[in-house]
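Okay, structure first, notes after.
What follows draws every value from the coordinates through simple rules; no lab data is involved. Keep in mind that this is a model prediction, so the values were computed, not measured. Note: ideal-geometry Cβ built from the backbone for every residue, glycine included; neighbour counts use all protein chains shown.
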Amino acid sequence: MTLHVEPSHSRGATPAATPSQELTTLFEGQRAAQRREGPPSYEARLDALERLERSIVRHREDIARAVSADFGSRSRHETLAAEVFVSLSELRHVKKNLRTWMAPEPRPVSYLFFPGRNEVRRQPLGLVGIISPWNYPMQLALAPLVGALAAGNRVMIKPSEYVPRTSDLLRTMLAGVFTTDQVAVVTGGPEVGDAFARLPFDHLVYTGSTRVGKLVMRAASENLTPLTLELGGKSPALVADDAPLDRAAERIMTGKLYNAGQTCVAPDYALVPEGKEAAFVEAARRAVAKLYPTLAANPDYSALINDRHAERVRGYVEDARRRGAEVVEVNPAGEALEPASRKLPPTLLRNVRDEMAVMQEEIFGPVLPVRGYRRLEDAIAFVNDRPRPLALYCFSDDRATVRRVLDETVSGGATVNETMLHVAQADLPFGGVGPSGMGHYHGRDGFLAFSKTKGVFYQGPVDTGALLRPPYGKTVERLLAFLIGR
Ligand code: NAD
C-alpha cells in the first residue's frame, strides 16, 4: 500500500512512469475499492482506528529515533509528547465519540412542512489526500488521517522529503496495518506534491508554508477539490501591563524553544509594554537558563532541520543586528555551538523595526523579537495591521483585557496565559484564517471536515406540497400574501 515515486530530476536516463501516472493508478485503485465496498460501517472504522492505534503505540520509540535522526537531534520527550501522544489522544477521543457523531441528527422543521421531518446525515466524502510537512512529521500526517478514517474515507499521504527516515517509517507502519486501497503513502519532493495535489481527491489537506499553500490551491482548483489549508505565519504573544513578567517570559520561551522554534503555532514575537522590554528580556534569559542549562549536548534542545533553515535563521539575526537591533544570545554554559550541529542559541532581539526580515518572515527558529507598545489599543492595532496569524497568545489576569484582545483580533486559535496548548485540546477546532489557513480539523471538527454533511427532508403522510403546485389560484395568492407579510 505504499508507493515510492522518485522526483523526475533524480531519475536516470531511463524514463520511469511519470509521478502522475503512478499516482493515478494508485488513486484509481482506491476509487474502485470505494465503489465496490461502499461506505464503511462504524465497526469497520473503529477497527481501522484500533489498528492504527496499536501501530503507533508499538512504534513509539522507532518514531522518536527516526525523527531525531532526521533532525540531527530532536528531543525524545518532545517527540513522544507532540507526535505520539498528541496523535493517540486525538485517535482515542475520536474512537470514544464516533458512534454519536455518525448518528443522523434530527433538525427542527417549520410548521409549513409539518408533518414532514428533517435530518442531517454525514457520509464519507470518498478519497482524502494529505500533504504533510517535516516539523511534526508524524502528528501532521496521523492527526488528519485519524479524522479522515473516522469519517469513512480512503486516504493517500504525501509526507515531506526533508524527513526521509520518518517518512519511510510512516510508510512501513501504515503498510503493516492497511491495504493500499485503504491507506497509501507516496514519497517524493515538490514535483510529486504537485502531481498529488492535481489528483481529483474529494478533499485535500495541506499542512505547510503559505507560499506552497497557494500552489496547492491552484493545483487543486483544476478539480475544484475542497481544501483544508494548515499554513503558518507570525503568531504574536501579547503581554498585558498587569501580567507578571517572569511567568509570561518563562511560558513564552517554553513555547518558542519547543522543537527549537520549528512549530507552526510557536509564539513568533512578543509585544511587551514600553519600558518593560529590558526586564522581559532579563526574565526570558533566566527562564532559558533554567529550561536549558546547556545546549550543545543537551538532548532536550533540538537542532534545526537542515543547513538551509539554520542559515535562514542566522541570516535574520544578522540582518536585525546590521539594522540596529540589540541581540541577546542566551548560551547559559557559554558553549561553542558547531555550525554543523545546527543548534542555534536561544536569541532575544530588542529595538526591532518592521523593515527587518525577522519582523517580516515567519521565524521558525529559536529567536524571539521583543517589541514595546504604549497602550493596549496600539498592541491590538499592531496585530491587526498584519496578516491574520495562526495563533495569538495573551498574557493577563484581567478578564476585561483578555476579552478585549480576543474580541478585537482575529487569529486561527488562541491560548490565554500560556502558549500552544489550544492545539492539544481534543474538543477544540484547529485551523488558521486567511493567510494562516482555511478550514478546521481535530476531534469532531475533523470528522465534519472529512464528511459530506447532507440535509434530508422526509415528506410526511399529508401532501402539504399540493398547495404550492400550479395551477396557481386564490389559495396560493392568499398563502403567499400571508407568508410574505406587509
Ligand atoms: P512546505 O510547504 O515546504 O512543504 C510541505 C509539504 O508540501 C511537503 O510534503 C512538500 O513536499 C510539499 N510540497 C512542496 N512543494 C509542493 C508543491 N508545489 N505542490 C504540492 N506540494 C508541495 O512546508 P514546510 O517547510 O515543510 O513546513 C513549514 C511551514 O508549515 C511553516 O510555515 C509552518 O508554519 C507551516 N506549518 C503549519 C502547520 C499548521 O497546522 N497550520 C503545522 C506545521 C507547519
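Computed from Cα atoms, the angle from the helix 164-177 axis to the main principal axis of the chain rounds to 30 degrees. Here each label is just a point 7 Å from Cα along the line to Cβ, and for Arg35 and Gln21 those points are 2.2 nm apart. The range 430-479 and the range 249-319 have their alpha-carbon centroids 48 Å apart. Restricting the GluC sites (Glu not before Pro) of the range 268-375 to loop positions (DSSP other than H, G, I, E, B) with no more than 15 neighbouring Cβ atoms within 10 Å leaves Glu274, Glu335, Glu355. Multiplying the residue separation of Lys290 and Arg211 by 0.36 nm and removing their Cα-Cα distance gives an extension gain of 24.8 nm. When the listed pairs Lys95/Lys452; Lys95/Lys454; Lys290/Lys343; Lys96/Lys256; Lys95/Lys214 are checked against a 24 Å cut-off, the alpha-carbon distance exceeds it for Lys96/Lys256; Lys95/Lys214. Principal-axis analysis of the Cα atoms of the chain puts helix 307-322 at an angle of about 60° to the longest axis. The stretch between Arg403 and Ala340 holds 18.1 nm of extra length on full extension. This uses 0.36 nm per residue minus the Cα-Cα distance. Axis of helix 60-71 versus longest Cα principal axis of the chain: the two differ by about 60°, to the nearest ten degrees. Anisotropy class assigned to the chain is oblate, per the alpha carbon gyration tensor with a/c at or over the 1.5 cut-off and a/b no larger than b/c.
Set the Förster distance to 25 Å, then compute FRET efficiency between Ala279 and Thr254 from the Cβ-Cβ distance, nearest 0.05. Walk me through the intermediate numbers first.
Values: r = 18 Å, r/R0 = 0.74.
Efficiency, from the Cβ-Cβ distance: 0.85.
Hey, with R₀ at 30 Å, roughly what FRET efficiency would Val109 and Val476 work out to, going by the Cβ-Cβ distance, to 0.05? It comes to 0.90.
Report the FRET efficiency, 1/(1 + (r/R0)^6), for Ala81 and Arg312, where r is their Cβ-Cβ distance and R0 is 30 Å, rounded to 0.05. The partial results should precede the final answer.
On the way: r = 26 Å, r/R0 = 0.87.
E(calc), rounded to 0.05, equals 0.70.
Students often get this wrong: which residues of the range 373-400 have the backbone nitrogen under 19 Å from the point 7 angstrom along Cα-to-C-beta of Arg323? Zone members listed by number: 373, 382-388. Restricting the trypsin sites (Lys or Arg not before Pro) of the range 369-398 to loop positions (DSSP other than H, G, I, E, B) with no more than 14 neighbouring Cβ atoms within 10 Å leaves Arg374, Arg375.
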